[in-house]
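A.B. asks: Take a look at the following structure, please.
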Amino acid sequence: MDFCCKNLKKHVISHYNNANGLHNDQEHAHQIFQSSVMSALINGVYEGNITYGELSLHGDFGLGTFNDLDGEMVAIDGKFFQLRSNGSATEVDPSQKTPFAMVTYFKGEIQHEITSPMDSRQLKGLIDSLVLSKNLFYAIRIDGEFYCVETRTVSIQSAPFKPLTEVAKEEKIFGFSELRGTLAGFRSPDYSQGISVAGYHLHFIDDEQKRGGHVLDFKINRGIVRIDTFSSVYIALPETEAFENARLGADNGSAIKEAEG
């Protein structure tokens with residue numbers, strides 16, 4: 001198939017405990033809430049114990065995946081969508097669970113209008129010039145008219161689970177052209193690789209909320225960039241046997257780059 005695009009200052013880490021409940025108060029209203037860590041996902045830990053109903057208490061914006069790696073998730077304006085391997089998008093059932101997700105309450109404190117065409121490299125360079133420091137976390141939202149967006153979405157897996165690098169080789173890649181939509185995700189610092197995805201991690205959904213996926217590349221004609229800055233990240237680690245027995249101490253940087261594109 002031919003596509004138009006070529007291919008913390010502070011971490012609070014805890015185990016999730018349903019008896020104590022998850023925070024949803026003003027004290028934590030402007031921080032990133034993360035379920036599990038990326039190195040666990042890379043090593044095939046595809047089952048978590050946090051539901052999307054619980055996750056929605058911590059943010060109205062973000063990205064992630066689903067138990068058994070059943071597609072990608074993107075959340076905008078308080079609506080959570082499941083992006084499946086056929087390129088489709090449907091709203092998430094609150095009872096569905098996630099092995100990895102990052103969410104926050106998005107405000108869009110920094111805004112910049114895009115008035116001329118830019119490819120992904122140029123736009124990321126623009127964002128880099130707008131943010132305060134490479135050592136903080138940023139939520140990124142880009143709404144606009146896209147010349148093209150290239151996405152991929154993994155397919156549902158069954159146990160025994162293969163590492164994400166192997167699953168990614170079977171991923172479905174889609175090219176969307178001449179459409180309006182939203183890129184949503186995060187820019188994480190280099191030192192966070194393994195906890196999150198260092199650099200840019202973006203998911204896409206079109207304005208009709210029917211198509212999308214994990215973003216590999218894009219070109220935008222015009223639109224608006226909105227950015228929030230975070231120095232606080234709360235991480236809820238899954239209380240599962242798979243997570244507790246996973247080998248997470250090794251350097252997973254190259255594997256994350258290979259799997260996430």
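A.B. asks: Out of (1) over 20 Å from residue 141 (Cβ atoms); (2) crowded, with 20+ Cβ neighbours inside 10 Å; (3) out of contact with any Gly (no Cβ under 7 Å at 6 or more places or on another chain), what's the single condition that is false for residue 185?
C.D. replies: The failed condition is (1).
A.B. asks: Moving on to the next point. Hey, among the residues in segment 125-161 that are part of a loop (DSSP other than H, G, I, E, B), closer than 30 Å to residue 86 by Cα and of a type outside the set (Ser, Thr, Tyr), which one's modelled with the lowest pLDDT? Show your work before the answer.
C.D. replies: Step one: list which residues in segment 125-161 are part of a loop (DSSP other than H, G, I, E, B), which gives 131-136, 154-161.
Remaining after also requiring closer than 30 Å to residue 86 by Cα: 154-161.
Going one step further and asking which of them are of a type outside the set (Ser, Thr, Tyr), we end up with 154, 156-157, 159-161.
Details: 154: 85, 156: 91, 157: 92, 159: 88, 160: 89, 161: 90.
Among them, the one singled out is 154.
A.B. asks: Quick check: is even one residue across segment 8-18 of a type outside the set (D, E, K, R), surrounded by 16 or more Cβ atoms within 10 Å (Cβ to Cβ) and either part of a strand (DSSP E or B) or at pLDDT 90 or above (or both)? Working first, answer last.
C.D. replies: In the first step, residues of segment 8-18 are kept if they are of a type outside the set (D, E, K, R); the result is 8, 11-18.
With surrounded by 16 or more Cβ atoms within 10 Å (Cβ to Cβ) added as a condition, the list becomes 8, 16.
Retained after the next criterion (residues that are either part of a strand (DSSP E or B) or at pLDDT 90 or above (or both)): none.
No.
A.B. asks: Further, regarding this structure: Among the numbered conditions (1) in contact with a Cys (Cβ under 9 Å, 6 or more places away or on another chain); (2) closer than 19 Å to residue 45 by Cα; (3) small (Gly, Ala, Ser), tell me where residue 101 comes up short.
C.D. replies: It fails just one condition, (1).
A.B. asks: A further question on this structure: If I go through segment 53-79 residue by residue, how many of them are assigned to a helix (DSSP H, G or I) and on the phi > 0 side of the Ramachandran plot? Walk me through it before giving the result.
C.D. replies: First pass over segment 53-79, keeping only residues assigned to a helix (DSSP H, G or I): 53-58, 67-69.
Among the residues that remain, those that are also on the phi > 0 side of the Ramachandran plot are: 68-69.
The total comes to 2.
A.B. asks: Further question: Filtering segment 73-90 down to residues that are modelled with pLDDT of 95 or more and among the charged types (D, E, K, R), which residue is nearest to residue 104 (Cα to Cα)?
C.D. replies: Once the filter is applied, the top-ranked residue is 77.
A.B. asks: Turning to a different aspect of this structure: Counting just the residues of segment 106-124 that are surrounded by 18 or more Cβ atoms within 10 Å (Cβ to Cβ) and out of contact with any helix residue (DSSP H, G or I) (no Cβ under 8 Å at 6 or more places or on another chain), which one comes out nearest to residue 82 (Cα to Cα)? Can you show your working first?
C.D. replies: Filtering segment 106-124 for residues surrounded by 18 or more Cβ atoms within 10 Å (Cβ to Cβ) gives 106, 114, 118, 120, 123.
If we keep only those that are out of contact with any helix residue (DSSP H, G or I) (no Cβ under 8 Å at 6 or more places or on another chain) too, we end up with 106, 120, 123.
Numbers: 106: 19, 120: 24, 123: 26 Å.
Among those that are surrounded by 18 or more Cβ atoms within 10 Å (Cβ to Cβ) and out of contact with any helix residue (DSSP H, G or I) (no Cβ under 8 Å at 6 or more places or on another chain), it is 106.
A.B. asks: Being touching a Gly at 6+ places or on another chain (Cβ under 8 Å) and on the phi > 0 side of the Ramachandran plot is the filter here, so list the residues in segment 80-137 that pass it.
C.D. replies: 87
A.B. asks: Another question, if that's okay. Pull up segment 41-75, narrow it to residues that are acidic (Asp, Glu) and within 15 Å of the chain's Cα centre (by Cα), then point me to the one that is surrounded by the fewest Cβ atoms within 10 Å (Cβ to Cβ).
C.D. replies: Filtering segment 41-75 down to residues acidic (Asp, Glu) leaves 47, 54, 60, 68, 70, 72.
Checking which are within 15 Å of the chain's Cα centre (by Cα) leaves us with 60, 70, 72.
Numbers: 60: 15, 70: 19, 72: 26.
Filtering first and then ranking leaves 60.
A.B. asks: Would it be correct to say that residue 205 is of a type in the set (A, V, I, L, M), touching a strand residue (DSSP E or B) at 6+ places or on another chain (Cβ under 7 Å) and buried (at least 18 other Cβ atoms within 10 Å of the Cβ)?
C.D. replies: Working: of a type in the set (A, V, I, L, M): yes; touching a strand residue (DSSP E or B) at 6+ places or on another chain (Cβ under 7 Å): yes; buried (at least 18 other Cβ atoms within 10 Å of the Cβ): yes.
Yes, satisfied.
A.B. asks: Considering segment 80-107 alone, what residues qualify as being part of a strand (DSSP E or B) and more than 21 Å from residue 157 (Cβ to Cβ)?
C.D. replies: Kept after step one, since they are part of a strand (DSSP E or B), are these residues of segment 80-107: 80-83, 88-91, 97-98, 101-104.
The answer is 91, 103, 104.
A.B. asks: Okay, moving on. So, in segment 56-87, how many residues would count as being over 14 Å from residue 206 (Cα atoms) and among the hydrophobic types (A, V, I, L, M, F, W, C)?
C.D. replies: Qualifying residue count, segment 56-87: 5.
The values are calculated or read from the model by the stated rules, or taken from the named source; none is laboratory data. These figures come from a predicted structure and were not determined experimentally. FYI the Cβ positions are ideal-geometry reconstructions off the backbone, even for glycines, and counts take in every protein chain you see.
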